[in-house]
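> Have a look at the structure that comes next, please.
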Amino acid sequence: MTTSPTDAPGAGAAVLRRLRAPAAPRPERCAFCGTALAPEHRHLADTAQRALACACPACAMLFDRPGAAGGRYRGVPRRYLVDPAHGVDDADWEALQIPVSTVFFLRNSALDRLVALYPSPAGPAESELDPSTWQAVLDRTRLAALLEPDVEALLLRRAGGVTTCHLVPVDACYELVGRMRLHWQGFDGGQTARAELEGFFDRLAGLARPLTEDTA
């Protein structure tokens with residue numbers, strides 16, 4: 001009788017091991033040309049879909065030109081700023097009525113208004129507070145006037161009685177939301193999620209330049 005490879009001793013076990021082994025992760029690909037992407041790659045804001053698209057360097061460069069694709073896609077910059085002299089105080093934070101310690105604001109050009117989002121177990125949760133209240137709070141930092149629509153966010157955090165105020169690329173905020181969603185446990189997020197949050201802001205402290213009079 002002819003023995004097929006899978007009839008050989010131990011072959012069945014080997015097949016089962018291959019079936020049980022996790023599949024190798026597929027490489028991310030450019031949303032425009034399909035090229036495989038490096039782990040560190042550019043993101044573009046899709047202003048029509050309120051989403052982010054991954055792009056290779058060549059495609060990202062094309063969309064850096066003003067008016068490319070009718071302005072639908074905008075390159076996310078890599079600017080990180082912090083305002084040590086902001087005026088957001090305890091009363092302002094209470095006015096925001098955000099149920100967690102972290103919130104970010106972006107100006108959505110399609111909706112023509114500010115949007116306030118914060119991490120939750122289900123992903124980014126949108127605040128329903130009157131945008132005029134948000135604007136009154138955000139006007140207490142000069143970072144608000146520098147905010148680029150769709151591609152940058154104003155990130156506020158209240159921890160240990162201190163509020164920090166950063167201007168960051170919008171994809172950094174969605175990365176934070178993703179990490180919180182992945183590790184969130186229980187009502188308050190749990191120890192692992194809190195550690196991820198601390199790690200994120202530790203890295204942010206190393207990236208952010210203090211806001212000065214000549215900051216652009």
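The values are calculated or read from the model by the stated rules, or taken from the named source; none is laboratory data. Note that the structure is predicted; figures quoted are calculated from it, not measured. FYI the Cβ positions are ideal-geometry reconstructions off the backbone, even for glycines, and counts take in every protein chain you see. These area figures cover heavy atoms from the full protein model, side chains too; ligands, DNA and RNA do not enter into them. Shrake-Rupley method; radii C 1.70, N 1.55, O 1.52, S 1.80 Å.
> So how many residues does region 154-206 have that are farther than 27 Å from Ala91 by Cα and β-branched (Val, Ile, Thr)?
So the count comes out to 1.
> On to the next question. Somewhere in region 184-192, is a residue farther than 21 Å from Gly123 by Cα and acidic (Asp, Glu)?
No.
> Go through region 106-118 and count every residue that is surrounded by fewer than 15 Cβ atoms within 10 Å (Cβ to Cβ) and within 16 Å of Val76 (Cα to Cα).
Total satisfying the criteria: 1.
> Could you run through region 123-137 and say how many residues are touching a residue at least 24 places away in the same chain (Cβ under 8 Å) and either in contact with a Cys (Cβ under 9 Å, 6 or more places away or on another chain) or more than 17 Å from Asp112 (Cβ to Cβ) (or both)?
Within region 123-137, residues that are touching a residue at least 24 places away in the same chain (Cβ under 8 Å) and either in contact with a Cys (Cβ under 9 Å, 6 or more places away or on another chain) or more than 17 Å from Asp112 (Cβ to Cβ) (or both) number 7.
> Among (1) under 30 Å from Phe187 (Cα atoms); (2) over 22 Å from the mean Cα position of the chain (by Cα), which single condition is His86 missing?
It is condition (1) that His86 fails.
> Quick one: is Leu114 modelled with pLDDT under 95 and over 20 Å from the mean Cα position of the chain (by Cα)?
No.
> Quick one: how many residues across region 106-119 are outside any strand (DSSP E or B) and touching a Pro at 6+ places or on another chain (Cβ under 6 Å)?
Qualifying residue count, region 106-119: 1.
> Continuing with this model, one more query. Which pairs do you get when a residue that is among the aliphatic types (A, V, I, L, M), found in region 68-94, comes within reach of a residue that is part of a loop (DSSP other than H, G, I, E, B) and open to solvent by less than 70 Å² (accessible area, probe 1.4 Å), reach meaning Cβ atoms under 8 angstrom, with the pair 6+ apart or on two chains?
Val76/Val151; Leu81/Ala208; Leu81/Leu211; Leu81/Thr215; Val82/Ala208; Val82/Leu211; Ala85/Leu211; Val88/Thr141
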